[in-house]
């Protein structure tokens with residue numbers, strides 16, 4: 001059986017929204033690099049995010065499902081099914097959902113231009129912000145020299161990354177047992193390793209240059225699992241991060257203001273506020 005066809009498309013368990021959680025509304029939300037089908041995916045944290053926010057438009061900026069891993073072994077827990085169900089539910093209820101496949105879910109690029117249950121599949125998209133700026137939205141692997149020139153090296157790197165994420169899960173299991181918040185081992189490692197920092201910086205410059213070449217105001221991408229907002233001359237570079245390491249999303253407010261939400265920090269602040277209210281009561 002094809003690994004992708006084995007993915008269930010209806011929720012196995014109904015997950016009730018948390019009581020007392022006020023939903024936050026945004027004009028636009030961008031998320032990417034969820035990597036459903038892998039053990040590193042923080043599906044529980046993403047479900048908390050989706051149960052807490054709403055938007056007029058939702059962009060899925062690639063690597064939503066990890067076809068590379070699913071070809072090796074089917075791993076699809078209930079929480080991953082619930083993520084898909086929530087996204088499809090938004091599309092049915094009127095949220096414009098635009099899916100731009102990445103390199104890990106490139107098998108869906110063949111459906112570019114089609115619409116599935118309200119989800120539009122596109123190769124790239126120009127987004128106009130509330131304040132009139134034009135942003136090029138794409139996954140970003142198009143600018144990854146390692147991916148384009150040495151695909152075998154990218155596959156080896158993916159295997160090493162999977163091992164690091166396994167260690168990350170064990171570290172955070174101990175942290176939860178100790179009552180400590182989520183912490184990304186791999187994100188810390190990337191910021192400490194000089195070559196990784198140089199690669200990220202170069203990637204950002206190349207992507208921003210493409211936006212400048214097209215005479216548009218900015219670019220939104222994912223791919224490198226590093227959330228960022230940077231200015232390169234007249235061009236603004238946005239990266240929405242991922243839901244494996246950093247658990248971040250890029251959002252546009254109704255006045256066109258852009259912001260990166262670090263959801264682990266958002267959850268920690270909310271839990272602290274709830275604990276303070278319980279103590280006060």
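When every residue of region 138-158 is checked against the conditions, none turns out to be touching a helix residue (DSSP H, G or I) at 6+ places or on another chain (Cβ under 9 Å), at pLDDT 85 or above, buried (at least 17 other Cβ atoms within 10 Å of the Cβ) and over 21 Å from residue 66 (Cβ atoms).
From the list 245, 259, the lone residue that is within 16 Å of the chain's Cα centre (by Cα) and loosely packed, with under 14 Cβ neighbours inside 10 Å is 259. Listed conditions (1) closer than 18 Å to residue 220 by Cα; (2) under 14 Å from the mean Cα position of the chain (by Cα) are all met by residue 130, apart from (2).
Here's the yes/no breakdown for (1) surrounded by 23 or more Cβ atoms within 10 Å (Cβ to Cβ); (2) touching a helix residue (DSSP H, G or I) at 6+ places or on another chain (Cβ under 6 Å); (3) in a loop (DSSP other than H, G, I, E, B):
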{"site": "30", "(1), (2), (3)": "yes, no, no"}
{"site": "33", "(1), (2), (3)": "yes, no, yes"}
{"site": "54", "(1), (2), (3)": "no, no, no"}
{"site": "71", "(1), (2), (3)": "no, no, no"}
{"site": "85", "(1), (2), (3)": "no, no, no"}
{"site": "91", "(1), (2), (3)": "no, no, no"}
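In the condition set (1) on the phi < 0 side of the Ramachandran plot; (2) surrounded by fewer than 20 Cβ atoms within 10 Å (Cβ to Cβ); (3) at pLDDT below 95, residue 20 is compliant with all but (1).
For every residue, the table says whether it meets (1) buried (at least 16 other Cβ atoms within 10 Å of the Cβ); (2) at pLDDT below 95; (3) in a helix (DSSP H, G or I).
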{"residue": "97", "(1), (2), (3)": "yes, no, no"}
{"residue": "103", "(1), (2), (3)": "yes, yes, no"}
{"residue": "108", "(1), (2), (3)": "yes, no, yes"}
{"residue": "120", "(1), (2), (3)": "yes, no, no"}
{"residue": "123", "(1), (2), (3)": "no, no, no"}
{"residue": "127", "(1), (2), (3)": "yes, no, no"}
{"residue": "130", "(1), (2), (3)": "no, no, no"}
{"residue": "135", "(1), (2), (3)": "yes, no, no"}
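When you look at residue 37, is it more than 28 Å from residue 128 (Cβ to Cβ), at pLDDT 95 or above and surrounded by 20 or more Cβ atoms within 10 Å (Cβ to Cβ), yes or no? Answer is yes for this residue.
Among residues of region 41-55 that are in contact (Cβ under 8 Å) with a residue 12 or more places away in the chain and at positive phi, none has a Cβ under 8 angstrom from a residue that is surrounded by fewer than 20 Cβ atoms within 10 Å (Cβ to Cβ) and assigned to a helix (DSSP H, G or I) at a sequence gap of 6+ or on a separate chain. Scanning region 35-52 for residues that are over 10 Å from residue 243 (Cα atoms) and part of a loop (DSSP other than H, G, I, E, B) turns up 37, 38, 39, 51, 52.
The values are calculated or read from the model by the stated rules, or taken from the named source; none is laboratory data. Predicted model only: the values in this text are computed from it and were never measured. Using ideal geometry, Cβ is built from the backbone for each residue, glycine included, and neighbour counts are taken over all protein chains shown.
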